[in-house]
Amino acid sequence: MNTFLKNAFLEESKPLGVGYRYGFLALILALILLSVFVSPHHFWRGLLLPTMLLFNHLAFQFRWSRPVKIILRAFAFFWIVLVFVVMFYDISRWF
């Protein structure tokens, strides 16, 4: 197995503290609520980045069982790719 994939999906994350984990989780959820209220017309675009932050935070800052951890991390990487595809697709439409 590739070393990067092994480290990315199976290695235990180093917890930074309860205050950081839950404080940042509250901040991300507030950001999601703010993006819903600020841009109701472009609802899906406003949710892409905060949702990416949420999935990555859940996947790498909390302890999960091994199968759940692998699924969450795979979904977090998928969401990063999705955000970049949408971002570059929207930018390419400007030119």
Subset of the range 65-95, residues in a loop (DSSP other than H, G, I, E, B) and at pLDDT 90 or above, comes to 65
Scanning the range 59-90 residue by residue, those under 19 Å from residue 29 (Cα atoms) and either free of Cβ contacts under 8 Å to residues at least 24 places away in the same chain or of a type in the set (Phe, Trp, Tyr) (or both) turn out to be 59, 60, 62, 72, 75, 79
Selection status of residue 54, surrounded by 13 or more Cβ atoms within 10 Å (Cβ to Cβ) and either acidic (Asp, Glu) or at pLDDT below 90 (or both): no
In the range 71-82, the residues that are of a type in the set (A, V, I, L, M) and surrounded by 15 or more Cβ atoms within 10 Å (Cβ to Cβ): 72, 76
Determine whether residue 4 is closer than 24 Å to residue 77 by Cβ, at pLDDT below 70 and within 16 Å of the chain's Cα centre (by Cα). no
May I ask you to list pairs of residues, at least six apart or on different chains, whose Cβ atoms are under 8 Å apart, with the first in the range 1-30 being over 14 Å from residue 60 (Cα atoms) and among the aliphatic types (A, V, I, L, M) and the second being in a helix (DSSP H, G or I) and modelled with pLDDT of 70 or more? 28/50; 28/53; 28/54; 28/57; 29/54
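The values are calculated or read from the model by the stated rules, or taken from the named source; none is laboratory data. Computed from a predicted model, the values in this text were never measured in an experiment. Here the Cβ is made from the backbone with ideal geometry for all residues, glycine too, and neighbour counts use every protein chain on show.
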